[in-house]
Amino acid sequence: MKPSGYRLLLLPLALLAGTSTATASENPDAHQHGHAELSFAVDGIKVEVMFVSPAYNVVGFEHEARTETQSRALKEAQAWFAGTPLINTPDNTCTVISSDVHHSGREHEHERGEDGHGNHGTSHSAYEVIQTLECTSVQDATTLTTPLTAHFERLEHLDVQWAGAMSQGATRLDHGEQAIELKQ
């Protein structure tokens, strides 16, 4: 898939956020359960969205699927991300044009504790979702919504950043909060 101009718009947002899947892998301290990031850029009726989260927030575990229930959770998350707009207008005019879902992990060794034992083989896996949306009324919207904070019960805080002709800004949503107020 060729990078689109919208992905280039998201690059500064990702750099400002200071985290990405690679950063979380290289710096385990950046990987915080309960926290995730959502960035989006608006250009006309096209919206490019990027969501980055520890896998724990999405499926409840960070290791290879070990049970049928865990395998089903991974498949359900994949399907949900592929078909659900991660942001939407109040009148639900956004549709998913494309969705790239990446679930990656990294094993690392923690430092040794006072008892001299390290926690070997702990994995930190993350989801990175990039969607291209078409939203017919996004240019008139002063509020957008996200289903993420209501859909994923382990997601406590969602840091949101956006840029576009209408505005740019950032906010934090707590669990259950769905409205993103766009400052004009």
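The values are calculated or read from the model by the stated rules, or taken from the named source; none is laboratory data. Please read these numbers as outputs of a predicted model, since none were measured by experiment. Neighbour counts are summed over all protein chains in view; Cβ atoms, including those assigned to glycine, are modelled from backbone coordinates with ideal geometry. Side chains included, ligands, DNA and RNA excluded: accessible areas come from the protein's heavy atoms. Shrake-Rupley method; radii C 1.70, N 1.55, O 1.52, S 1.80 Å.
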For region 141-163, give me the residue count where each residue is exposed (fewer than 13 other Cβ atoms within 10 Å of the Cβ) and of a type in the set (Gly, Ala, Ser).
0
Taking the residues in region 59-89 that are among the polar types (S, T, N, Q) and over 17 Å from the mean Cα position of the chain (by Cα) as candidates, determine which candidate is nearest to Lys46 (Cα to Cα).
Thr89
In the set Leu144, Leu155, which member is assigned to a strand (DSSP E or B) and either polar (S, T, N, Q) or out of contact with any Phe, Trp or Tyr (no Cβ under 6 Å at 6 or more places or on another chain) (or both)?
Leu144
Can you work out which of the residues in region 39-82 that are in contact with a strand residue (DSSP E or B) (Cβ under 6 Å, 6 or more places away or on another chain) and part of a helix (DSSP H, G or I) is most open to solvent (accessible area, probe 1.4 Å)?
Gln78
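Kindly indicate whether His124 is modelled with pLDDT under 95 and touching a helix residue (DSSP H, G or I) at 6+ places or on another chain (Cβ under 9 Å). Break it down into steps so the answer makes sense when it comes.
On the way: modelled with pLDDT under 95: yes; touching a helix residue (DSSP H, G or I) at 6+ places or on another chain (Cβ under 9 Å): yes.
Spelling it out, His124 is indeed modelled with pLDDT under 95 and touching a helix residue (DSSP H, G or I) at 6+ places or on another chain (Cβ under 9 Å).
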From (1) modelled with pLDDT of 95 or more; (2) over 20 Å from Pro54 (Cβ atoms); (3) in contact with a His (Cβ under 8 Å, 6 or more places away or on another chain), pick out the condition that doesn't hold for Cys94.
(3)
Qualifying positions in region 164-184 - part of a strand (DSSP E or B) and open to solvent by less than 80 Å² (accessible area, probe 1.4 Å)
Gly164, Gly169, Ala170, Thr171, Leu173, Asp174, Ala179, Ile180
Given (1) part of a helix (DSSP H, G or I); (2) of a type outside the set (Ser, Thr, Tyr); (3) at pLDDT below 95; (4) out of contact with any strand residue (DSSP E or B) (no Cβ under 9 Å at 6 or more places or on another chain), Leu16 misses just (4)
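Conditions tested, residue by residue: (1) under 14 Å from Asn88 (Cβ atoms); (2) of a type in the set (Lys, Arg); (3) out of contact with any Gly (no Cβ under 9 Å at 6 or more places or on another chain).
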position	(1), (2), (3)
Glu128	no, no, yes
Leu133	yes, no, yes
Leu144	yes, no, yes
Leu148	yes, no, yes
Phe152	no, no, yes
Ala163	no, no, no
Gly176	no, no, yes
Ala179	yes, no, yes
